[in-house]
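What follows is a single structure, written as structure tokens, with notes after it.
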Amino acid sequence: MTGIGVEAGAQAARSRALAVLRVRGRALAVALLPAGAAVILLTGASTGRLLGPGWDAARWIVGVLAVLVLLAAAAVGVVVARARPAMSPTVPIAEDSAPDLYRMVRDLADRLDVPAPSAIALTPDCDSWLEDRAHSAHGPPPRPAPDEIAGPGRRRAPVAPVLVIGSPFLWWMRVGELRAVLAPVIAGTGPSAHPDIAAARRFVRGLDAAVAVASTPGRCPPVRGLCAALGWVARLLLRGCREHATQMERGVAAAAAERAQAVDYGLRIVAQEQVGLAYAGWDRLLTRVALPAWRMGRWPSRLDAGVVAALTELSRRDRLAEGFTSRLGERPACDLLEEPGTVDEATSLLAARLFHGGPAETGPGWAPVDWQAYPEEVVDRTWRTDAARLHRVLDSLGVRPSHTPAGPTLARVLDHLAEEDPRPARHAAADDAGAEQFPQGSPTPEDETRTGGANGFPDAEDEAEGEDFPQATRSAALAAGLSAELAREGTPLSGQAPDSPRWDDCDGILPPFPLQPQRTARELLADHVTALVCCAAVDTAGAAPALDWLDGPSLLLGGERAADLAPRVRSLIEEGDPGPLRDWLAASGIRPEKPVRLV
């Protein structure tokens, strides 16, 4: 039954591929139609039948139209054939750097009776797929094997696609689990080797790339008009073959899944559970651990090793599965690489570029950090940077210093946010953020937030209403000032690092994909107040910055994680009630009146 299912899926894919090619054939027929009419008219004149002024005019009109249509069709054909489809950003793995991995993939392809992938690459994501790079913008395609070279009267066999593997899979999964996960993916090289399917895919990818070329801005008006016509034709053809291409890919996927049923079927069920677990751990590691480092110009150099630590910690806390320790005793898939550390570093840098938009190389403002140095170089530095920004905003708002003038203190923030203001809430923020507190000509935080600011931050009053700040007078004004300060610094609240090269400035690379939405004003204020509390804990109570694999930066008090700080900070900034936070500080031995060290 498996063979019947495979053949049915492959047959469906081939029929849909032929439908796509028929769309291409009809487009070619339409382009040749005026030329055919011109040939008929010229033949009639040569035989002495279609003569007269009317026929002469028709020959000229149809002849000129045929030439124009042929030129346009040739231009479209050249652009479609030469356009380079966007390639997924990956880390290529040479065969000499991972001979065991290549051997496993080839053995699996032989077992499935399909062509082996032409190369292997890693992606910083929890997914795996086949990618045709015959028209890659990153170099020529791999050279075909001797048996792939077409002889007289034979069609040349397509070059096998590249196997792209999610890097977290290699570090988290065992070798057998990785083989079970890759079996359906590698099985897809079978239908991909069919000439009709390969030709249909090239045609669709070429049309898609032609649309991207036609949409490129910055051209002169005549060229822009030609590109608009090219884009219209490419979109028309894409609409004509979209449904057929979708059904073709579904047929290919169905045939591949059916073919892989016979390979490690029982182990694949367990492996799919590990896929979901790896995805959850990877997402949490990026958003909670990597993102704080990226925001301050550092990139963790061992993200894949970090996901193992994160998932191990998750399993320890939640007891996800029995026999977990024995599973970790099996050979991890990263052992199939000769130098896993080097590969991990390359994929970690690619993850930083892909998800945050960082530079391609290390530099003074973009340096790697290992996990041992993360608490000191990322957590502590982030806290002190945020605390310093908070005090600068308090200075700009004219908030009086705390009664201990030896340096910045936590007590200053507690007193300010807890102090009742007799003025109406609607006018206090504007008065506190008056123009006299800023250099002449510089907008106040409220002015910037009211007009959208440098980064389009919302109005302070709107923040107070939308986020339900009961203590709108103090909290909203301070949050607006922090937003304006970040805007002046050029630091985004999420997404791409400031002044960093964009992926779309590179050849064939996608723009960065932000991991989290923009932080709201309340979240921003809570982060800064929490950072100041942590600085005070480190400087006055012997606490230490630490890294929690699941929750990111954390504070250690007496060797234990301080997990009950967030609700007390929220009580301060939302209700103006410092009582819970002061009680927590006293119980922890933290002295808010003592000065803290800032950057």
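The values are calculated or read from the model by the stated rules, or taken from the named source; none is laboratory data. If you're wondering where the values come from, they're calculated on a predicted model, not measured in any experiment. Every residue, glycine as well, gets a Cβ built from its backbone with ideal geometry; the counts of neighbours run over all protein chains shown. Protein only, heavy atoms only, side chains kept; ligands, DNA and RNA dropped before computing areas. Shrake-Rupley method; radii C 1.70, N 1.55, O 1.52, S 1.80 Å.
What the table shows:
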{"quantity": "Search result, residues across the range 16-49 that are under 26 Å from R239 (Cα atoms) and either at pLDDT below 80 or under 35 Å from the mean Cα position of the chain (by Cα) (or both)", "calculated": "R16, A17, L18, A19, V20, L21, V23, R24"}
{"quantity": "Which numbered condition R268 fails, given (1) modelled with pLDDT under 85; (2) open to solvent by 70 Å² or more (accessible area, probe 1.4 Å)", "calculated": "(2)"}
{"quantity": "Extreme residue, most open to solvent (accessible area, probe 1.4 Å), among residues of the range 326-358 that are at pLDDT below 85 and under 25 Å from T287 (Cβ atoms)", "calculated": "L328"}
{"quantity": "Answer residue from the range 366-401, given it is open to solvent by less than 20 Å² (accessible area, probe 1.4 Å) and farther than 30 Å from G306 by Cβ and is modelled with the lowest pLDDT among those", "calculated": "L397"}
{"quantity": "Some residue of the range 85-102 being in contact with a strand residue (DSSP E or B) (Cβ under 6 Å, 6 or more places away or on another chain), open to solvent by less than 50 Å² (accessible area, probe 1.4 Å), over 16 Å from T347 (Cβ atoms) and not in a helix (DSSP H, G or I)", "calculated": "no"}
{"quantity": "Residue within the range 244-256 that is more than 26 Å from the chain's Cα centre (by Cα), in a helix (DSSP H, G or I), more than 29 Å from L178 (Cβ to Cβ) and not aliphatic (A, V, I, L, M) present", "calculated": "yes"}
{"quantity": "Hits in the range 350-383 - residues which are touching a Lys or Arg at 6+ places or on another chain (Cβ under 7 Å) and farther than 30 Å from M87 by Cα", "calculated": "W371, E377, V378"}
{"quantity": "Failed item, numbered, when D415 is tested on (1) under 19 Å from G576 (Cβ atoms); (2) at pLDDT 85 or above; (3) touching a helix residue (DSSP H, G or I) at 6+ places or on another chain (Cβ under 7 Å)", "calculated": "(3)"}
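A quick yes/no check of all residues on (1) of a type in the set (D, E, K, R); (2) over 30 Å from P340 (Cβ atoms):
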{"site": "V64", "(1), (2)": "no, yes"}
{"site": "V67", "(1), (2)": "no, yes"}
{"site": "A74", "(1), (2)": "no, yes"}
{"site": "V78", "(1), (2)": "no, yes"}
{"site": "A81", "(1), (2)": "no, yes"}
{"site": "R84", "(1), (2)": "yes, yes"}
{"site": "M87", "(1), (2)": "no, no"}
{"site": "A94", "(1), (2)": "no, no"}
{"site": "S97", "(1), (2)": "no, no"}
